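The values are calculated or read from the model by the stated rules, or taken from the named source; none is laboratory data. Every value quoted in this text rests on a predicted model; they were computed, and no experiment measured them. Heads up, the Cβs are rebuilt from the backbone with ideal geometry, glycines too, and the neighbour counts pull from every protein chain shown.
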Amino acid sequence: MRALDLDFAHQRTRTPGWARALLVLGVAALLAAGWRHATLRADLEAEQQRTAATSTLSTTAAGDSAPPSAALLREMAKANQAIASLNVPWSQLFTRLESLKVPHVNLLSVQPDASEGRRLRIVAEARQLTDAVAFAQHAAATAGFNQVHLVSHETVSDGDRTRLRFALTLDWVNLP
């Protein structure tokens, strides 16, 4: 039989340099990850506290606030009116207005009134009152115009020429 070699005082071999460097890199990576985790956790807790404070303020402000003031409501109504006037399909409207050709009548202005739906105020000039009435009747007979009313008229003279300036209102609807 063979004899056992029992050597309890065995000489250690030296650890290679690359293994030691790898150990140092691993420990450094572990420390960096721990530090990053700690900073992210602190940032998260701070953000949660800020969010909780903001939601508490907004809930308190929403629950305790008075209704909007009259001035704010007027401003909101003006803004809604401006938006509604921008949403008018102008090309369709002008096409319809151009079809209202009555001799001796000249359009001066077209003003949409968005607060009353699709209501228009038209100011025009004519030679005589009969021309103005003919224009209003032609507008009433035109498809897409409803509720045509002659609301005012006045005689305007500039030098040797006398004209009748009149205003009418009408509602218009979109046609397919």
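Could you give me the residue pairs with C-beta distances under 9 Å whose first residue belongs to the range 141-162 and is in contact (Cβ under 8 Å) with a residue 40 or more places away in the chain, whose second residue is hydroxyl-bearing (Ser, Thr, Tyr) wherever it lies, and which are 6+ apart or on separate chains?
Within 9 Å, the pairs are Thr142/Ser99.
Does Leu40 satisfy the condition of being at pLDDT below 85, surrounded by 10 or more Cβ atoms within 10 Å (Cβ to Cβ) and part of a helix (DSSP H, G or I)?
Values: at pLDDT below 85: no; surrounded by 10 or more Cβ atoms within 10 Å (Cβ to Cβ): yes; part of a helix (DSSP H, G or I): yes.
In short, no.
With the structure loaded, tell me whether Ala79 is of a type outside the set (S, T, N, Q), modelled with pLDDT under 90, closer than 30 Å to Arg119 by Cβ and surrounded by 10 or more Cβ atoms within 10 Å (Cβ to Cβ) or whether it fails that test.
On the way: of a type outside the set (S, T, N, Q): yes; modelled with pLDDT under 90: yes; closer than 30 Å to Arg119 by Cβ: yes; surrounded by 10 or more Cβ atoms within 10 Å (Cβ to Cβ): yes.
Against the criterion (of a type outside the set (S, T, N, Q), modelled with pLDDT under 90, closer than 30 Å to Arg119 by Cβ and surrounded by 10 or more Cβ atoms within 10 Å (Cβ to Cβ)), Ala79 qualifies.
Are any residues in the range 90-113 free of Cβ contacts under 8 Å to residues at least 40 places away in the same chain and hydrophobic (A, V, I, L, M, F, W, C), and if so, which ones?
Trp90, Phe94, Leu97, Val102, Val105, Leu107, Val110
Out of curiosity, is Ser69 at pLDDT 80 or above, over 18 Å from Val173 (Cβ atoms), loosely packed, with under 11 Cβ neighbours inside 10 Å and in contact with a strand residue (DSSP E or B) (Cβ under 6 Å, 6 or more places away or on another chain)?
Details: at pLDDT 80 or above: yes; over 18 Å from Val173 (Cβ atoms): yes; loosely packed, with under 11 Cβ neighbours inside 10 Å: yes; in contact with a strand residue (DSSP E or B) (Cβ under 6 Å, 6 or more places away or on another chain): no.
No: the conditions fail for Ser69.
Please enumerate the residues belonging to the range 141-150 that are over 36 Å from the mean Cα position of the chain (by Cα) and surrounded by 11 or more Cβ atoms within 10 Å (Cβ to Cβ).
At the first step, the residues of the range 141-150 found to be over 36 Å from the mean Cα position of the chain (by Cα) are 141, 150.
The one that is over 36 Å from the mean Cα position of the chain (by Cα) and surrounded by 11 or more Cβ atoms within 10 Å (Cβ to Cβ): Leu150.
Which one of these is small (Gly, Ala, Ser), part of a loop (DSSP other than H, G, I, E, B) and at pLDDT below 90: Ala61, Ala9, Ala52?
On the way: Ala61 fails: part of a loop (DSSP other than H, G, I, E, B); Ala52 fails: part of a loop (DSSP other than H, G, I, E, B).
On inspection, the qualifying residue turns out to be Ala9.
Go through the range 69-111 and give me each residue that's under 30 Å from Thr130 (Cα atoms) and either within 15 Å of the chain's Cα centre (by Cα) or hydroxyl-bearing (Ser, Thr, Tyr) (or both).
To start, the set of residues in the range 69-111 that are under 30 Å from Thr130 (Cα atoms) comprises 90-111.
Answer for the range 69-111, where residues must be under 30 Å from Thr130 (Cα atoms) and either within 15 Å of the chain's Cα centre (by Cα) or hydroxyl-bearing (Ser, Thr, Tyr) (or both): Ser91, Thr95, Ser99, Ser109.
I'd like the full set of residues that are within 25 Å of Ser157 (Cα to Cα) and surrounded by fewer than 16 Cβ atoms within 10 Å (Cβ to Cβ), limited to the range 89-120.
Lys101, Pro103, His104, Asn106, Leu107, Leu108, Ser109, Val110, Gln111
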